[in-house]
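I have placed the structure first, in the form of structure tokens, so that the comments after it can refer back to it.
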Amino acid sequence: MAAMWNRFAERLDLPAEAGGEVRVTLTGRGQVLVENHRGLLRCTATEAEIAGGALRLRVRGDGLLLRAMTGEMLLLSGTVFGVDLE
């Protein structure tokens, strides 16, 4: 189903996140916005794990804090050292 959506989105020149792909936006070292997530798996002051469909995101940092979360997005703040995709 995902492959079919990707072909459809490509033909219509739609962005990948329109099909439910996870989108990660870093704002400097202080903020991470994750759109189209599938849930927060774990969150501590130094690491957050986020389900992103076929991907799992790991945000590493210091003083990480979940600022906001809805069914479509979540916002983390703190000092971000890196984001890993697994």
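Numbers below:
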item	result
Breaking point among (1) of a type in the set (A, V, I, L, M, F, W, C); (2) surrounded by 13 or more Cβ atoms within 10 Å (Cβ to Cβ); (3) at pLDDT 55 or above, for residue 16	(3)
All strands (runs of 3 or more DSSP E) inside the stretch 25-79 with 1 or more residues being exposed (fewer than 13 other Cβ atoms within 10 Å of the Cβ)	39-43, 55-69
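The values are calculated or read from the model by the stated rules, or taken from the named source; none is laboratory data. Source: prediction; values computed, not measured. Cβ atoms come from the backbone with ideal geometry, glycine included; neighbour counts cover every protein chain shown.
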